[in-house]
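A.B. asks: To start, I am sharing the structure in question, which I have written as structure tokens.
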Amino acid sequence: MEKHLHIISFDVPYPVDHGGYFDLFYKLVALYQQGIRIHLHCFEHKRPQQPELEQYCAEVRYYPRQCGHKGFSHKLPYIVASRTNAQLEERLLKDSYPILLEGVHCTYLLHDERFNNRKIILRLHNVEYKYYKQLFHASHSLFKKMYYLNESRLLKQYEKAIANKGLVLAVSDQDTNVYRKEFGAEKVATLPVFLPYTQVSAPEGVGCFCLYHGNLSVIENERAAIWLMEKVFNDLKVPLVIAGKAPSQRLQRIANNHRNTCLVADPSEQEMQDMIGKAQINILPSFNVTGVKLKLLNALFNGRHCLVNEATVQSTGLEPACHIGANANAFKSLVVQLYRQPFAEEEIRLRNTLLLSTFDNKRNAQRLIQWIF
């Protein structure tokens, strides 16, 4: 008997051009490979419709996101209020298939009594109120600070209100514990993110630069890149490459003023993977302790030494595969130590042990199917 599943995605999950889309897209592929008939519903804003999705889904539907003033609400967080659509709800009511909500963003229908008896699962990508609180601290714009702080306040109330409206599947044990302890969630579990990597392909030997990569339009990532330039590499004669999407003029200006820094704007996926593989150190500090850092997993599967701070690896179980620095001086010392140190076979074996037992798409898809059906 065929198994059908509605998936509501907060955005169009292809192309997989930065971390937030890995779990969305590769979960679709894994469920498709397990024979699930997927009915995908995407909220659409800046990312165009993608025929690529149709090979994994029985149907793909798109709905406009209500941006700007149309999406604002005094009671609901903007990320939720801007993703409401009556046509979507009517379509969902035409059958009784279970529904997987991708992100807190897509949870508006949890408040609709018509879905009270429906099997609904929330895939949690972040503890969103904490994420927005950290964006508040990272931002330099007064307007954005006000928006992030208000959104964080609304999200804290909202996430507590939905924590017991269905099964919640977090991407990390840390997020699971927040929902369980802070919001009193009774049905919450951890399901690792879905990834394109099936083996560790990190090259042995010595690379030729340090690399920080990420979506540079995200204020937290810009902050990390600037911190590296101004606090860590300010007096090191070691080349630093900063690569990622949509760097601001401010970031470009700061990079131009640092002699040993090269900024690579909007590299293709292939170019980014090539840089990760050629780097001697993938250096990935974070100022955000929620969710899972997809760029760290990419670096661990495909790159040499990984240098991080505690926030990047907290409660991930990935600590043994990383070099951890507590502050800028510790980062400096570790860069000097690791820059000439060959990456060896025993480190690849350690990563295989740590990573492949957790990030197994087939097994995790089977676990998800058991929860849903």
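A.B. asks: Mind jotting down the distance between the C-alpha centroids of the stretch 133-173 and the stretch 300-350, whole Å?
C.D. replies: With the stretch 300-350 and the stretch 133-173 each reduced to a Cα centre, they are spaced 29 Å.
A.B. asks: Right, here's the next one. With a 10 Å cut-off between alpha carbons and a GNM built on the chain, which of S217, S315, S141 moves the most?
C.D. replies: Greatest mean-square fluctuation among the candidates belongs to S141.
A.B. asks: Further, regarding this structure: Under a point spin-label approximation (7 Å from Cα along Cα-to-Cβ), what is the E90-S357 distance to one decimal in nm?
C.D. replies: 5.2
A.B. asks: How long are the semi-axes of the equivalent ellipsoid of the stretch 229-303, defined as square roots of 5 times the Cα gyration tensor eigenvalues? Whole Å, largest first. Mind dumping the intermediate values first?
C.D. replies: Working: eigenvalues 82, 44, 40 Å².
They are 20, 15, 14 Å, listed from largest to smallest.
A.B. asks: Please report the Cα spread of the stretch 266-318 along all three principal axes, rounded to whole Å, starting with the longest.
C.D. replies: Per principal axis, max minus min of the Cα coordinates gives 30, 21, 16 Å.
A.B. asks: Please work out the FRET efficiency for the pair K278 and R47, using the Cβ-Cβ distance as r and a Förster radius of 25 Å; give the result to the nearest 0.05.
C.D. replies: Values: r = 29 Å, r/R0 = 1.16.
The computed FRET efficiency comes out at 0.30.
A.B. asks: For the chain, compute Rh as the Kirkwood radius over C-alpha pairs and then the Stokes-Einstein diffusion coefficient at 4 °C and 1.567 mPa s; write the answer in µm²/s, rounded to an integer. Before the final figure, lay out each step's value.
C.D. replies: On the way: Rh = 21.6 Å.
Value of D from the Cα-based Kirkwood radius: 60 µm²/s.
A.B. asks: Next question, about the same structure. Using a 1.4 angstrom probe on the protein heavy atoms only, could you order Y132, Y63 from most to least accessible area?
C.D. replies: Working: Y132 25, Y63 0 Å².
If we order Y132, Y63 from most to least accessible, we get Y132, Y63.
A.B. asks: Taking the Cα centre of the stretch 218-303 as origin and charging only Cβ (+1 Lys, Arg; -1 Asp, Glu), how large is the dipole, in debye to the nearest 20? Working shown, then result.
C.D. replies: Details: 10 positive and 8 negative charges, 45 e Å.
Around 220 debye, computed over the stretch 218-303.
A.B. asks: In terms of solvent-accessible area of protein heavy atoms at a 1.4 angstrom probe, what is the ranking of S357, S152, highest value first?
C.D. replies: I get S357, S152, largest accessible area first.
A.B. asks: Give me the extension gain from D266 to N117: residue separation times 0.36 nm, minus the current Cα-Cα distance, reported in nm with one decimal.
C.D. replies: Values: separation 149, 0.36 × 149 = 53.64 nm, distance 4.53 nm.
Taking 0.36 nm per residue and subtracting the Cα distance, the gain is 49.1 nm.
A.B. asks: While we're looking at this one, here's another question. If each of H137 and R253 carries a label point 7 Å out from its Cα toward its Cβ, how far apart are those two points in nm?
C.D. replies: About 2.6 nm, to one decimal.
A.B. asks: I'd like the distance separating the alpha-carbon centroids of the stretch 199-218 and the stretch 1-41, in whole Å.
C.D. replies: Taking the Cα centre of the stretch 1-41 as reference, the centre of the stretch 199-218 is 27 Å away.
A.B. asks: When N is the residue count of the stretch 94-146, what does its C-alpha Rg come to as a fraction of 2.2 N^0.38 Å?
C.D. replies: Numbers: Rg = 15.8 Å, N = 53, 2.2 N^0.38 = 9.9 Å.
Against the empirical 2.2 N^0.38 Å value, I get 1.59 for the stretch 94-146.
A.B. asks: With every protein chain in place, what's the accessible area of D173 (1.4 Å probe, Å², nearest 10)?
C.D. replies: Roll a 1.4 Å probe over it and D173 shows about 90 Å².
A.B. asks: Taking +1 at the Cβ of each Lys and Arg and -1 at the Cβ of each Asp and Glu, which of I120, A185, P196 sits farthest along the dipole of the stretch 69-197 towards its positive end, judged by Cα position relative to the Cα centre?
C.D. replies: Farthest towards the positive pole: A185.
A.B. asks: Would you be so kind as to identify which of N282, P267, Q249 lies farthest towards the positive end of the dipole of the stretch 244-285, taking Lys and Arg as +1 and Asp and Glu as -1 on Cβ and the Cα centre as origin?
C.D. replies: The listed residue farthest towards the positive side: Q249.
A.B. asks: Stick to Cα atoms and the Kirkwood definition of Rh, then tell me Rg/Rh for the stretch 22-158. Intermediate results must be reported in sequence, preceding the final value.
C.D. replies: Numbers: Rg = 16.2 Å, Rh = 16.5 Å.
So for the stretch 22-158, dividing Rg by the Kirkwood Rh gives 0.99.
A.B. asks: So, one more: Among 143-151, 160-168, what's the highest-first ranking by average C-beta atoms within 10 angstrom per residue? Let's see the in-between values first.
C.D. replies: Details: 143-151: 15.4, 160-168: 18.2.
Sorting 143-151, 160-168 by mean packing, highest first, produces 160-168, 143-151.
A.B. asks: Run the simple label-point estimate for N177 and Q157 please: 7 Å along Cα→C-beta, distance reported in nm.
C.D. replies: Going by the 7 Å Cα→Cβ label model, 2.9 nm.
A.B. asks: Using Cα pairs under 8 angstrom and six or more residues apart, how large is the relative contact order of the chain, in percent? Display every interim value, and only then the final one.
C.D. replies: Numbers: 677 pairs, mean separation 56.9, N = 373.
Here the relative contact order equals 15 percent.
A.B. asks: Just the accessible area for T84, please: 1.4 Å probe, Å², rounded to the nearest 10?
C.D. replies: My reading of the accessible area for T84 is about 40 Å².
A.B. asks: Another one. Beyond a 26 Å Cα-Cα separation, which of these cross-linked pairs lie in this structure: K46/K278; K145/K293; K133/K245; K144/K187; K27/K165; K145/K245?
C.D. replies: K46/K278; K144/K187
A.B. asks: Report, to the nearest whole %, how much of the accessible area of the stretch 154-243 belongs to carbon and sulfur atoms, 1.4 Å probe, protein only.
C.D. replies: Values: 1660 of 3540 Å².
About 47 percent, which is the carbon plus sulfur part of the accessible surface.
The values are calculated or read from the model by the stated rules, or taken from the named source; none is laboratory data. What you see is a predicted model; the values in this text were computed from it and never measured. Methodologically, a virtual Cβ is constructed for each residue, glycine included, from the backbone with ideal geometry; neighbour enumeration extends over all protein chains shown. Ligands, DNA and RNA are excluded from the accessible area calculation, which covers all protein heavy atoms including side chains. Shrake-Rupley method; radii C 1.70, N 1.55, O 1.52, S 1.80 Å.
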